[in-house]
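These notes concern the structure reproduced below.
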Amino acid sequence: NGKTTDAPPAMSESALDSTLLRRQAILDRQQALVGYDLSLLTSEDANAPHDLMQRARAAALVCAAYAELGIRSALGSSLAFLHTDVAFLHDDAIEALPPDGVILELVLDVEPDASTLERCRTLRDRRYNLALADYTGLNDCSRPLLTLVNVIKIDIRQHDEASLRELAGPLARLPLKLLALGVDTPADFERCAALGFQLFQGNHFARADTVSGRRLTPSQTRLIQIINLAARDADTTRIEEGIKHEPALAVNLLRIVNSVGFGLTRRIHS
């Protein structure tokens, strides 16, 4: 489509082979499960902390895996909260995700420009729900997004009770939900609930865990590699070579291009 974005760095073949799914539960006031904060990591890093931007750069792979590899089976009917940086937000691949299955957490450290705001409006029109991660108060970054997001996440570990009350108070009157990150004790939960938070994430409920049995098969690994190549506008011959090793994918592509919707005057056979 002629659009260029800063795609996340390609993962090595060995990293793809050992990819694991990590999730942490997000609950409501009744402590019923709402969804999972979701990220992918390699097995050798399964116990290593991942900072916010590392997880944002991995979001494109989460997107591909969610759409193509059945990660829904690891989540059931729960929502997947995916950290989304500007590059991922503008990537067309994001729309492979089911709108009713994800919350896109915006990870922005600069003021959103006009194209970013327009992209948010487009995604809202297409029934995607947006969240604003790491909210620390009204500023040039957060102010334009307040009318576009459905959820605002606040890390309560970064604020004392007075500043947390000052942050949450005005937001509680808006038509959105507040998510408290870092709820590690019963007292944290009670305090945040009293301040108007409706969603909660932290070690009080469950520590982040690695879902077992989710390593990628060789076929799935090749599919992710093809997606990586396409996302980087790689040479067509390289993409073609990858598809040749996946007969089922090739058959599905032929079925799509020969469908009535494409309106071709002749049938494509190879």
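Rule-based calculations on the coordinates, nothing more; no lab input. As the structure is a prediction and not an experimental result, all values here were calculated from the model. Positions of Cβ are backbone-derived with ideal geometry, glycine not excepted, and every protein chain shown enters the neighbour counts.
Counting 0.36 nm for each residue step from F205 to L254 and taking away their Cα separation leaves a gain of 12.9 nm. Label point of A114 set 7 angstrom out along Cα-Cβ; within the range 84-103, no amide nitrogen lies under 12 Å from it. Within the range 240-254, find all residues whose amide N lies under 17 Å from a label point positioned 7 Å from the Cα of R267 along Cα-to-beta-carbon. Answer for the range 240-254: 251-254.
How large is log10 of I(q)/I(0) for the range 95-157 at q = 0.16, 0.22, 0.28, 0.29 Å⁻¹ when the intensity is taken from the Debye formula with one equal scatterer per alpha-carbon? Summing over Cα pairs of the range 95-157 leads to -0.50, -0.90, -1.31, -1.37. How much FRET efficiency would the formula 1/(1 + (r/R0)^6) give for T185 and T122, where r is the Cβ-Cβ distance and R0 is 45 Å, rounded to 0.05? It comes out at approximately 0.65.
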